[in-house]
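The values are calculated or read from the model by the stated rules, or taken from the named source; none is laboratory data. Predicted model, so just to flag it, every value in this text is computed and none were measured. Neighbour counts run over all protein chains shown; Cβ positions are idealised from the backbone, glycine included.
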Amino acid sequence: MKKTIIISSLALLLVVGIASALTLTGTPQEIKEFAGEVQDNPPEAMLGGFANAPFNFIGTRIGTSTSPVGIYGDNVGSTTYPAFIGREINTATIEIGVINASSTSNVHISLLGSNDDECDTATTTTSYTNQATIGQIKWYDLGEHLTNKVHSTSLVVATSTLIWTNPSAGTTREIVLENLHSQCVALEVNGSYIQLWSRITTKED
């Protein structure tokens, strides 16, 4: 009987000692584990996709060095600059920067998309059968994909055009397109007496 009491007392002291140690130094999670109340960690929140690195669209910008495209004349005819993004891309952010501009400069920018093969690499002529040339690529208006755009309920005849009048040298603006489903995007640009550069950053949500 005396031996049983001693063993029981030792067991009680051991339990009290462990509980005291946990109370003093254990974290709530450690105490729960000791008591058999382990809970699974809550699921981690899913974050949106990461943006890809920007790549050149008009002219080139590498590090701090920029080589712009110049428009030397008054209301010079438009040039189309295509870029391949892939149909899995949902969002594209386009930077447009001005290196030099006259006091009467302006630029008109139409936003275009295409799902044709080789929409970014088509040439003016080809010797291959069924290979599209630049003039055969079908472009459509991407104006409805502008962020915060109030969408039209009818199809307009003209292509949406953004106009930047008399921009200052050294300024940069952003154009954000959402809910894309295009193989390529393109900027159709015309303007007066201005040097421009542009690059595009894409994201898959």
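Values as computed for the structure displayed
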{"item": "Check on Thr123, farther than 29 Å from Ala101 by Cα and modelled with pLDDT under 95", "result": "yes"}
{"item": "Those strands (runs of 3 or more DSSP E) lying entirely in the range 153-205 with at least 3 residues modelled with pLDDT under 95 and either surrounded by fewer than 18 Cβ atoms within 10 Å (Cβ to Cβ) or in contact with a strand residue (DSSP E or B) (Cβ under 7 Å, 6 or more places away or on another chain) (or both)", "result": "none"}
{"item": "Residue in the range 119-131 that is crowded, with 17+ Cβ neighbours inside 10 Å, outside any loop (DSSP other than H, G, I, E, B) and in contact (Cβ under 8 Å) with a residue 60 or more places away in the chain present", "result": "no"}
{"item": "Qualifying residue in the range 81-93 (condition: part of a loop (DSSP other than H, G, I, E, B), at pLDDT 95 or above and farther than 24 Å from Asn179 by Cα)", "result": "no"}
